[in-house]
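Here the structure is laid out as structure tokens; the discussion comes afterwards.
The values are calculated or read from the model by the stated rules, or taken from the named source; none is laboratory data. Remember, it's a predicted structure, so these values are computed and weren't measured experimentally. Here Cβ is always computed from backbone atoms with ideal geometry, including for glycine, and neighbour counts include all displayed protein chains.
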Amino acid sequence: MTEETPIGNIGWLVGSAAQLGEAVRAARRERGLTQDDVAFAAGVGRRFIVDLEAGKPTVRLESVLKVLGSLGIDLHATTR
């Protein structure tokens with residue numbers, strides 16, 4: 001398992017589905033939320049949260065964005 005790469009206080013540098021899953025898990029735990037809490041807030045099933053946190057590469061982007069929003073996370077894309 002890879003470790004997420006924190007960027008100061010602003011978030012994580014994500015380069016793979018596994019890193020995104022780790023970032024989501026870390027954010028959820030920091031907020032003291034369960035997978036069920038996040039699933040309910042985002043309007044997705046618990047299984048989706050399990051798959052996302054496990055780094056499943058085929059999760060739906062629209063649902064990922066809902067989960068990120070429920071955790072108060074904004075997604076930023078930048079060029080290298």
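Annotations for the structure displayed:
- Applying the set (1) at pLDDT 95 or above; (2) surrounded by fewer than 19 Cβ atoms within 10 Å (Cβ to Cβ); (3) not aliphatic (A, V, I, L, M) to E53 leaves exactly one unmet item: (2).
- Count of the stretch 55-65 residues which are under 16 Å from A39 (Cβ atoms) and within 10 Å of the chain's Cα centre (by Cα): 2
- For the stretch 1-50, the tally of residues that are aromatic (F, W, Y), surrounded by fewer than 19 Cβ atoms within 10 Å (Cβ to Cβ) and at pLDDT 95 or above stands at 1.
- Output for the stretch 23-63, where each listed residue is within 18 Å of D74 (Cα to Cα) and acidic (D, E): E30, E53, E62
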